[in-house]
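Worksheet: the structure to be examined is printed underneath.
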Amino acid sequence: MHQKTPIYKILSNEDWERFQKQGVYEGSVLDKSDGYIHMSAASELQGTLDKYYVESESVILLAIKTERLDEVSLKWESSRGGALFPHYYASLTLSHVQWRKLIRSDDYGSYNVQSHLGRNYDRFL
């Protein structure tokens, strides 16, 4: 069953450039080793950024409309702290992307998701 709110994929700038050129995204090194594309719900974004992207000055945040995904390939599975995370067992195409946003870390290497998503952030929690 698809949700009405988007799910999110965080990409390095290099992965986003490659995705745009190829029109398809097979996943990061971690995604490929795990066999699925790691995604996040809005409530999980801050934790994902803090855990995996602290060394990056900026990342690309993609909002993915779940109704555009293959329903059979999208699974909500227990992960960090027992929370259910969206995992996508297929490739993403540019048609899956609802919108994208460049997010920059602050001077301390931290990200503030709410400041980048503004009013939209609360709506998706």
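The values are calculated or read from the model by the stated rules, or taken from the named source; none is laboratory data. No experiment lies behind these values; they were computed from the predicted model shown. Positions of Cβ are backbone-derived with ideal geometry, glycine not excepted, and every protein chain shown enters the neighbour counts.
So which residues in the range 83-125 are over 22 Å from Val54 (Cα atoms), at pLDDT below 80 and in contact with a helix residue (DSSP H, G or I) (Cβ under 9 Å, 6 or more places away or on another chain), if there are any at all?
Once the filter is applied, which keeps residues that are over 22 Å from Val54 (Cα atoms), at pLDDT below 80 and in contact with a helix residue (DSSP H, G or I) (Cβ under 9 Å, 6 or more places away or on another chain), the range 83-125 yields Asn120, Asp122, Arg123, Phe124, Leu125.
Here are the criteria: (1) touching a helix residue (DSSP H, G or I) at 6+ places or on another chain (Cβ under 9 Å); (2) farther than 17 Å from Tyr108 by Cβ. Tell me which single one Lys32 does not satisfy.
(1)
Provide a single number: the residues in the range 72-82 that are at pLDDT below 90 and charged (D, E, K, R).
Summing the residues that are at pLDDT below 90 and charged (D, E, K, R) in the range 72-82 gives 1.
Name every residue in the range 30-65 that is out of contact with any strand residue (DSSP E or B) (no Cβ under 6 Å at 6 or more places or on another chain), assigned to a helix (DSSP H, G or I) and polar (S, T, N, Q), in order of residue number.
Ser33, Ser43, Gln46
Any residue in the range 48-60 that's in contact (Cβ under 8 Å) with a residue 24 or more places away in the chain and more than 10 Å from Tyr111 (Cβ to Cβ): show its pairings with residues that are aromatic (Phe, Trp, Tyr) and assigned to a helix (DSSP H, G or I) at Cβ separation under 8 Å, as long as the two are six or more apart or on different chains.
Close Cβ pairs satisfying both conditions: Ile60/Trp16.
Looking at the range 88-106 only, could you name the residues that are part of a loop (DSSP other than H, G, I, E, B), touching a residue at least 40 places away in the same chain (Cβ under 8 Å) and farther than 26 Å from Ser33 by Cα?
Hit for the range 88-106 is Ser105, nothing else.
Identify the single condition in (1) of a type outside the set (S, T, N, Q); (2) modelled with pLDDT under 95; (3) touching a Ser or Thr at 6+ places or on another chain (Cβ under 8 Å) that Gly23 does not satisfy, given that it satisfies every other one.
Single failed check for Gly23: (2).
Of the residues Gly27, Gly109, Gly81, which is surrounded by 13 or more Cβ atoms within 10 Å (Cβ to Cβ) and either in a helix (DSSP H, G or I) or at positive phi (or both)?
Only one candidate qualifies: Gly27.
Spot the failing condition for Trp16; the list is (1) assigned to a helix (DSSP H, G or I); (2) aromatic (Phe, Trp, Tyr); (3) more than 18 Å from Val113 (Cβ to Cβ), and only one is missed.
(3)
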